[in-house]
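First up is the structure itself, then whatever we jot down about it.
The numbers here are math on the coordinates, done by the rules we state, and not lab data. Everything numeric in this text was worked out from a predicted model, so none of it was measured. Note: ideal-geometry Cβ built from the backbone for every residue, glycine included; neighbour counts use all protein chains shown.
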Amino acid sequence: MNRRPPQNGVRPDTVLDNMTTAVVCLDRDLCVGYINPASEILFGVSARHCRGERLDKVLPHLAGQQRHFQQALADGAAYTKRELKLKHSGGEPITVDCSATPFTNRNGDPALLLELLSLDRQLRISREDQMRAQNLANREMLRGLAHEIKNPLGGLRGAAQLLAREFADPAAHEYTDIIIREADRLQNLVDGMLGPRRPPQKAPLNIHEALEHVRQLLEADLPQGVHLLRDYDPSLPEIRADREQMIQVFFNLVGNAGQAVDGSGHVTLCTRSQRLFTIGGRQHRLVIRVDVIDDGPGIPEELLPKIFHPMVTSRADGTGMGLPIAQYLVHLHGGLIECDSKPGETRFSVFLPLDGGESEESDNG
């Protein structure tokens, strides 16, 4: 008797491939029969490499749980472990909720279904939501502050111009010119704090072309001891983005990295694709990831949670506006910037969705 196809036309493997929960199927000998894409991302492995191999060989994070898996198979009873910390030599630890459920495969043999929910991912999403809310609050504060500053500045500049007309002595004009010039400088500073006023003008963009433009702009200005390296994935497709805004984003990030190495070091531009990545509560099947990595001393630990806030900088000559503006521009493209820093490696990661993600501010700037 032939099995009837699903009435809605959805195949089970399609459902598994699009789950954010990592799924691993093991046979009675704890050999991997199947892992879904979420598992590949979680453990940094490929499904083709894992199939048919022993668990402890291809998924060393789970090697310490083998006796529990064997017990579940022997008892035929499911179990769940909360906040389980998985690690192996040379790898970063992973925190997950793990469920193991025995079942019988199509051959009638006992098998085990593992479901692993990454709590690191949940924490990252929660941290991202807080950061996005903070960024929106910061922009509202800056808009209000800019309004309060620009109105008296306009009056100050106008009064200086009127005064200049009243004085015939050229020496007096020197002082009114200073007032006008400084008022204009403050006006430009306030406008720079707010970032662009127009929504992104999106068009097909090769991200490597934008990165190469930034590299060429900065390479001549950086000290000879600073080396810009490239690690590009040439297979990346074009994205829809505003070229000028993307150039501004990477100009800020690469420029900061070049200054961070203090005259001698390496800045690496790395591009990759990443599957099943969530930004702002929305899961994207594929995103482009651009990493700007420097081998400088790292960002002070107390500053790291606040680096995307306005006016936060560790440099005496810095304005503290480059990173907030870069985050805002990426946000307008439905993306996100994350930062991870330790002595000897600071990594800014820009995530841009390939499905044309839009932010709630993209229509009103």
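Go through Leu352, Val214, Ser341 and say which Cα lies farthest out towards the positive end of the charge dipole of the stretch 203-353; charges sit on Cβ, +1 for Lys and Arg, -1 for Asp and Glu.
Leu352
Quick one: compute the contact order of the stretch 224-286, relative version, from alpha carbon pairs under 8 angstrom and 6+ residues apart, as a percent. Walk me through the numbers before you get to the answer.
Numbers: 58 pairs, mean separation 29.3, N = 63.
Value for the stretch 224-286: 47 percent.
Need the full-extension length gain, Glu209 to Arg106, defined as separation in residues times 0.36 nm minus the C-alpha distance. One decimal, nm.
On the way: separation 103, 0.36 × 103 = 37.08 nm, distance 5.06 nm.
That pair, Glu209 and Arg106, stretches by 32.0 nm at full extension.
How many nm is it between the label spots at Ala220 and Ala159, if each spot is 7 Å from the Cα in line with the beta carbon?
A separation of 4.4 nm, rounded to one decimal place.
Can you give the charge dipole size of the stretch 203-353 about its Cα centre, rounded to the nearest 20 debye, using +1 on the beta carbon of Lys and Arg and -1 on the beta carbon of Asp and Glu?
Values: 13 positive and 19 negative charges, 124 e Å.
For this selection, approximately 600 debye.
Taking the mean number of other Cβ atoms within 10 Å as a proxy for protection, how do you rank 104-113, 47-56 from highest to lowest? Don't skip to the end; give the middle numbers.
Numbers: 104-113: 12.5, 47-56: 15.0.
Top to bottom by mean Cβ count within 10 Å: 47-56, 104-113.
What is the magnitude of the charge dipole of the stretch 209-270 about its Cα centre, with +1 placed on the Cβ of each Lys and Arg, -1 on the Cβ of each Asp and Glu, and no other charges, expressed in debye to the nearest 20?
On the way: 4 positive and 10 negative charges, 11 e Å.
For this selection, approximately 60 debye.
Can you tell me which lysines have their Cα less than 26 Å from the Cα of Lys87? Leave out same-chain residues fewer than eight positions away.
Excluding near neighbours in sequence, the set is Lys57, Lys342.
Among Met19, Met321, Met246, rank each residue by its count of other Cβ atoms within 10 Å, from fewest to most, as a rough exposure measure.
Values: Met19 14, Met321 19, Met246 27.
Fewest to most other Cβ atoms nearby, the residues stand as Met19, Met321, Met246.
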